[in-house]
1. Output the residues belonging to the stretch 32-91 that are outside any strand (DSSP E or B), in contact with a helix residue (DSSP H, G or I) (Cβ under 8 Å, 6 or more places away or on another chain) and under 23 Å from residue 105 (Cβ atoms).
2. Of all residues in the stretch 77-96 being buried (at least 18 other Cβ atoms within 10 Å of the Cβ) and at pLDDT 80 or above, which is nearest to residue 47 (Cα to Cα)?
């Protein structure tokens, strides 16, 4: 049996901010959850619903004047892979981006989030992040 992998930080917003969603619906047993913000991004609801007639899905777009609040979860790399699978990274719905998250309870973290590819509605050079 190999050594345990080092934990990673995952920045969540939208429905993944809810610990019950992450732990129960997605099956991710996080070690810690810290309130956090990511400057330079704005929350939008521009992703189509998963089911017809449903609500739009939260997404982030680059905006130097904005800030997004969310939750930093400490999880394993294997659990991050599961989050990305459940968010559609493998089918191109999102892709991983590195963000600079500022914990509201601790120092600054470099972390990851899932991101959707830019669309015609997303300004060029402004990737969108979604979790």
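1. 83
2. In this case the residue turns out to be 87.
The values are calculated or read from the model by the stated rules, or taken from the named source; none is laboratory data. All of these numbers come straight from a predicted model, not from anything done at the bench. Methodologically, a virtual Cβ is constructed for each residue, glycine included, from the backbone with ideal geometry; neighbour enumeration extends over all protein chains shown.
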